[in-house]
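The values are calculated or read from the model by the stated rules, or taken from the named source; none is laboratory data. Not measured: the values here are computed from a predicted model. Please note: Cβ atoms are built from the backbone with ideal geometry, for glycine as well, and neighbour counts cover all protein chains shown.
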Amino acid sequence: MNIQAEKLELVRMILDTDNPSILSSIKPIFTSSKKVDFWDSLPQSQKEEILKGIEEIENGETVDYEEFIKKHR
């Protein structure tokens, strides 16, 4: 079954139900998934490395891609 058919089937099931507990259990799946920021799931060490990289860029501490590649060919 393709993704569109799956979506339609889920919509049909939701529309057909009169059970509030089913609806209550489904709603958090959609509301919580929209609030998750990938940053919050990163380990602290990765966050520090990313922030360090941003700081280096802001300070002009970058290397031109073409120059870097020339050295490694």
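Brief remarks follow.
- Considering residues of segment 4-37 that are outside any helix (DSSP H, G or I) and not aliphatic (A, V, I, L, M) only, the residue surrounded by the most Cβ atoms within 10 Å (Cβ to Cβ): Thr17
- Filter result for Leu51 (surrounded by 10 or more Cβ atoms within 10 Å (Cβ to Cβ) and in a helix (DSSP H, G or I)): yes
- In the set (1) at pLDDT 95 or above; (2) assigned by TED's automatic domain parsing to the domain that holds Lys7; (3) not charged (D, E, K, R), the condition left unmet by Leu51 is number (2).
- Test: Asp40 is surrounded by fewer than 10 Cβ atoms within 10 Å (Cβ to Cβ) and not in a helix (DSSP H, G or I): no
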